[in-house]
Structure formats: C-alpha cells, structure tokens
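To keep things clear, I will list the structure first and then write my remarks on it.
The values are calculated or read from the model by the stated rules, or taken from the named source; none is laboratory data. Bear in mind the structure is a predicted one, so any value in this text is a computation, not a measurement. Using ideal geometry, Cβ is built from the backbone for each residue, glycine included, and neighbour counts are taken over all protein chains shown. Ligands, DNA and RNA are stripped out before the accessible areas are found, and what is left, the full protein with its side chains, is counted by its heavy atoms. Shrake-Rupley method; radii C 1.70, N 1.55, O 1.52, S 1.80 Å.
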Amino acid sequence: MKRFLLLVALTLGAASGAAGAPVTITYGVVSWNPFHWVVMVGTARGQFEKHGVKLDIPMTGSSGAAVQALIGGSLDMTTTSPGAAFLAQDKAPDMKQIIGIYERSPYSLVVRPEIKKLDDLRGKVLGGTGVKTGADTENLRVILSHHGLQDPRDYTVAAVGSVRERSQALLNKTIWGVAQIEPYTSILKEQGMVELARAADYSDLKLIEMISVVSMKPWYTAHQDVVVRFLHGWAEATDWLNEPKNKAEAVKILSERMKIEEKYAAQAYRVFVEEVKGFAPRGRLNLDAVRQAAANMKVIGGTPPTDVAKYVDTGLWEKAFGR
C-alpha cells in the first residue's frame, strides 16, 4: 500500500512539474528598437515566465519577411506593420492581428543637410525597411503624400533594412532621407542630418496602429491558454514601463538590448513613453487605429480593407481581460 501511494505521489508530482514548466512561444521581431520595449521589459524582469511563458525571439529583418515566416510555420507569433499584415492576410485569411503594440506614430523624416524642404526629395532615392510596407516606409509615404509627392515616379524607396541599416545608408549618402525613430533620430542629427518633419503633426498619423502582433488562427486557437498567459505578462510589462519611477531601469534595459549609450535610450524614453504615449494598454488592439492604418493603404499602393473586422481577432484579449 505504501509503495502504491509513493508511486501515486511521484506520478502526481511529475504531472504537476510538467504543467508548471514554461511553454515556449517563437515570437518574431523585425529588429530591437523601442517599439518592442514591452517584450524587452517582460523578458528582462521575468513577467512572461511568471505566467508560464518563455519567448524564443528570432530577428526577422522586415515586416514582409516576418509574415512569410509566420505563414511558413517557423513562427508562432510575429510583429509587423498593419500594412504588411493586410497585404498578407488577403492571401492567408487565417492570419489575424491579435495584439496591439503601439498606436501612435513616433517617426520623424530625417534627411541629408542638402535637402531644405520636402519638395527637394522629388526624384530622389529614399530608404525604408521595405519598398511599400514596414512602419517606417508607410509613414514616409504618408508624410510625402501631404506635400504633393504622391505619384510612384515622384521618388524611389529602396529597401535598405531596419533602423540601424537605414541610418547607416543615410550617413553613407546612398539615400537622401528616411523615416526614423529615436534613438536614431538624435544620433543622426548629431552627425549633421536634418529632421525635416514629424509624423505626429499629420492627422492621419496621430492615432494609427503602428505595430501589431499577428498569428495564424489554427495555432492560437489550439494554444488559447498560452496566449492568454502571454497577454497577462504583456499587461504587467506595459504597466511597469509606463510607471515614471521605473524610468532609469527601463532606459537601462533598452540601452543593453540595443547596445546603445544610455543617453540615447533616455531620448527614446522621452519620445515613446513620455511624449507620444503610444504603448497600447495591456496590448489592446485599438480598432480606430487599425482603421486609420487601413485607410492609409491607398497611399502606400494597396487597396484599403473595407472591413477591418475580418483582419483582427480580439477574442483572446477579451478572454484575458473581458470586454
């Protein structure tokens, strides 16, 4: 009898240990930049593991590559711009936008010093993560459209890479301008580049889903509990990041992850957290912000979705936090 009870206890203990083991999510990120500060905080401070989730985070390089990797099954979830997501979702309707990351634009248009006004960019080669999609490229095209640069022949966007690569291309004089975010905006200005425009000054970039998390419906339906736990960790990390008393530690986390000086990480905190204040509450997808991203599709060369409800799924967020 004692031997039987011991076996039962061992079996139950093994089952309990398996149930408590963190579940790994393969979560794609285009590059380490302040848009992904919540994930940096959540992994550095253990907020995801507290809820039984561990993240494997490969770098995807671009929004387009990210969604293709997701469709191919090498990622469970990935970050992307809504523009890239919409285009992919038309061909892969099982892909859904399920989490909002940042819902206001912190971008600036940074150019070489020879450029004195926006019209000077006519006929020039500009740089972006992608030619049409990617949050920076989408912001760049929308800003230029306000200044009469709307025809595809008015300028060229070359796919030169993510934040760090775009900055280097501008400094190397292979392109004339980029849409850039802190801390790279400040770094470029220190080296003689000029901040010509800010996205926040344009009505169709004030409230807009910049970056969202997408996943394939068969995967997240089969792993609802895991995603809900991930969302609880996300909510805690977001609240922590937005708390002013945590500024110094948040700056240090960004500095270490991006391998930049803390003074530049502090500049990013000023813009992303204190001024623009765009981190989505608890990862909630703001449907008005998604609709604005959809409306901007006509500027970047796509067809605006008529019903964004087909492209998003808020069910997991509602399961985690209620309506």
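Would you mind checking the range 279-323 for residues with the amide N under 20 Å from a putative spin-label position 7 Å along Cα→C-beta of A92? Answer for the range 279-323: 294, 302-303, 305, 308-316.
Only Cα pairs under 8 Å and 6+ residues apart enter the sum, and on that basis the relative contact order of the range 91-217 stands at 48 percent. A helix-only calculation puts the chain at -13000 deg cm²/dmol for mean residue ellipticity at 222 nm, using -39500 (n - 2.57) for each DSSP H run of at least four residues, averaged over all residues. Given a cut-off of 27 Å, name the pairs among K263/K298; K217/K245; K117/K298; K173/K252; K132/K247 whose C-alpha atoms lie farther apart than that in the structure shown. Cα-Cα > 27 Å for K263/K298; K217/K245; K173/K252; K132/K247; rest within.
Within the straight-line cut-off of under 17 Å between alpha carbons, the aspartates and glutamates reachable from K259 are E165, E182, E249, sequence neighbours fewer than 8 places apart in one chain being disregarded. Our compactness index for the range 252-323, the C-alpha radius of gyration over the empirical 2.2 N^0.38 Å, is 1.50.
Taking the range 223-259 and a reference point 7 angstrom along Cα→Cβ of M59, the backbone N atoms nearer than 17 Å belong to 254-259. Heavy-atom accessible area with a 1.4 Å probe sorts D239, D76, largest first, into D239, D76. Percent relative contact order of the chain, based on C-alpha pairs within less than 8 angstrom and at least six residues apart? Once normalised by length, the contact order is 26 percent. What percentage of all Cα-Cα pairs in the chain are separated by more than 25 Å? Distances greater than 25 Å cover 50 percent of the Cα pairs. When nucleic acids and ligands are ignored and a 1.4 Å probe is applied, D313 ends up with an accessible area of around 40 Å². Between T24 and T156, the FRET efficiency from the beta-carbon distance, with R0 = 51 Å, is close to 0.80.
Charging the Cβ of each Asp and Glu at -1 and of each Lys and Arg at +1, and nothing else, the dipole of the chain about its Cα centre rounds to 380 debye. Residue by residue, the range 140-153 carries 3J(HN,Hα) couplings of 4, 5, 5, 4, 5, 5, 6, 10, x, 9, 10, 6, x, 8 Hz when phi is fed to the Karplus relation 6.51 cos²θ - 1.76 cosθ + 1.60 (θ = phi - 60°); x denotes Gly or Pro. About its Cα centre, the dipole of the range 236-323 is roughly 140 debye, where the only charges are +1 on Lys and Arg Cβ and -1 on Asp and Glu Cβ.
Dipole of the range 206-280 computed with +1 at Lys/Arg Cβ and -1 at Asp/Glu Cβ about the Cα centre; of V271, G233, A250, farthest Cα towards the positive end is V271. Amide H contacts under 5 Å for V312: Q97, restricted to partners 5 or more places along the chain or on a different chain, H placed in the peptide plane at 1.01 Å from N. Using a probe of 1.4 Å on the protein chains alone, the accessible area found for V30 is around 20 Å².
Would you mind getting me the FRET efficiency between K173 and R323? Use the beta-carbon distance for r and R0 = 35 Å, nearest 0.05.
Working from the Cβ atoms, E equals 0.10.
In percent, rounded to a whole number, the relative contact order of the range 264-323 is 23, using alpha-carbon pairs under 8 Å and six or more apart. Accessible area ranking (1.4 Å probe, heavy atoms, ligands and nucleic acids excluded), largest first, for T156, T78, T133: T156, T133, T78.
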